[in-house]
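First comes the structure, then the notes that go with it.
The values are calculated or read from the model by the stated rules, or taken from the named source; none is laboratory data. Computed from a predicted model, the values in this text were never measured in an experiment. Here the Cβ positions follow ideal geometry from the backbone for every residue, glycine too, while neighbour counts run over all protein chains shown.
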Amino acid sequence: MSATRHFSIPQARRVLSDLFRHRPAIYWTDFLISLTVGYAAASVYLGAPLGSAPQVLGLLVASFALFRVGSFIHEIVHFGKDQMRPFTVAWDILAGVPMLMPSFFYGNHIDHHNTQHYGTGQDGEYLPLGSGPLRNIAKFYAQVVVLPILVAFRFLVITPVSFLHPRWRRWALQHASSYVINLRYRRRHLPADAPRKYWAFLEILCFLRTAAIFGAVAAGLTPWYRVPLLYLLAVCVLGLNYVRNLVAHRYRGNGDPMSHADQLLDSVNIEGGRFLGGPITELFFPLGLRYHALHHLFPALPYHNLYAAHRRLMAELPASSAYRETVYPSFWAVVRELLVRVNRASALERRRTPTRADQWFEKRRQLLSNPATQGSAVSVNQRSEAYARRA
């Protein structure tokens, strides 16, 4: 597929030239209000009688609010060097550490925007969900149940052990420091100018946070069921992100790299339904994440301008523009199309015909087993990192 014939990226950028400025006041206000609501609701959830209406309501509100808070990590990774640094530090201390998701754990997102890696086995945020059978989606959602346990183990065990030897530390940063859906992903390149001391500081705080959760129970300071309650809250917040991830892309790749324009066609914009479509869609796709194709087109657009940018492109681009092919009226419209492709792949599998998903997994296996290929990614990552933040 090729989007280049009917789409001009320079033209689109000219249309949006005045929308690339970040407005810190919006970031701070949104973050602090969402954080206050999320933590207040979580306090109600954790302190209310088990199974009571206040506890259920507290869980519901806390899940959506903390999902919004956590989504700021996506904005942070696209900031330029030293851009809005106070906001990043505040987010890490007030949200990243308590929620066990320090911002540097999302550095892998740069590979997701790299044209050499998007849609391949070296893309941590990509699986062939739209080109394989239904069980691939089932396995995808099974991660939600397991990942909170793995995260607790990561900080409680791997963090202190990693500081015992430089080689172990490097292994931890490359193999166990990325929040991904492609669990075979490895961060091959650690930037030479990475703030390692800041990373270590955040990890130690995450270790203390995790230890405090279990230590408080062991010391009798909190009831034993505090741990499963926190686990359930983590599953709910993570589950919302996986709902969002399912329709962020069409996931039709076969493991080959895609051009910037083809990334656009493999991504999705959701406008929302007619009845309360905007507010409800915003709950499930906070910070403009429903305009994910637009984000892949221009990763540096601040979230508070994505709505205006999308409306402007829809008004000014020609009817033949490939951008319009990324637009869906609702979440369910994307899911219906996804299920159609999944059913086709299942039919191919029943006939023992290889699917595009089979090709994707085979290419990932070859990628992981070829050290020479792994090493070649370093220079590509270095060249693309600045682009992915500023494009």
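Some points to look at:
- Condition met for Asp92 (farther than 20 Å from Pro299 by Cβ and either more than 21 Å from the chain's Cα centre (by Cα) or surrounded by 19 or more Cβ atoms within 10 Å (Cβ to Cβ) (or both)): yes
- Segment 102-140, residues that are part of a loop (DSSP other than H, G, I, E, B) and among the aliphatic types (A, V, I, L, M): Leu127, Leu129
- Residue count for segment 162-179, restricted to those that are assigned to a helix (DSSP H, G or I), surrounded by 12 or more Cβ atoms within 10 Å (Cβ to Cβ) and not hydroxyl-bearing (Ser, Thr, Tyr): 8
- Selection from segment 180-193 of residues that are exposed (fewer than 15 other Cβ atoms within 10 Å of the Cβ) and free of Cβ contacts under 8 Å to residues at least 60 places away in the same chain: Leu183, Ala192, Asp193
- Pro86 being at pLDDT 95 or above, part of a helix (DSSP H, G or I) and not β-branched (Val, Ile, Thr): yes
- If you go through segment 305-329 and pick out every residue that is over 19 Å from Pro10 (Cβ atoms), surrounded by 13 or more Cβ atoms within 10 Å (Cβ to Cβ) and free of Cβ contacts under 8 Å to residues at least 24 places away in the same chain, you end up with 2.
- Subset of segment 185-197 [charged (D, E, K, R) and either under 16 Å from the mean Cα position of the chain (by Cα) or over 15 Å from Arg364 (Cβ atoms) (or both)]: Arg186, Arg187, Asp193, Arg196, Lys197
- Segment 21-80, subset of a type in the set (D, E, K, R) and in a helix (DSSP H, G or I), residue farthest from Leu233 (Cα to Cα): Glu75
- Residues of segment 317-344 satisfying the condition of being touching a strand residue (DSSP E or B) at 6+ places or on another chain (Cβ under 9 Å), closer than 17 Å to Asp266 by Cβ and not in a helix (DSSP H, G or I): Val327, Tyr328
- Residue among Gly119, Gly130 that alone is touching a Leu at 6+ places or on another chain (Cβ under 7 Å) and crowded, with 21+ Cβ neighbours inside 10 Å: Gly130
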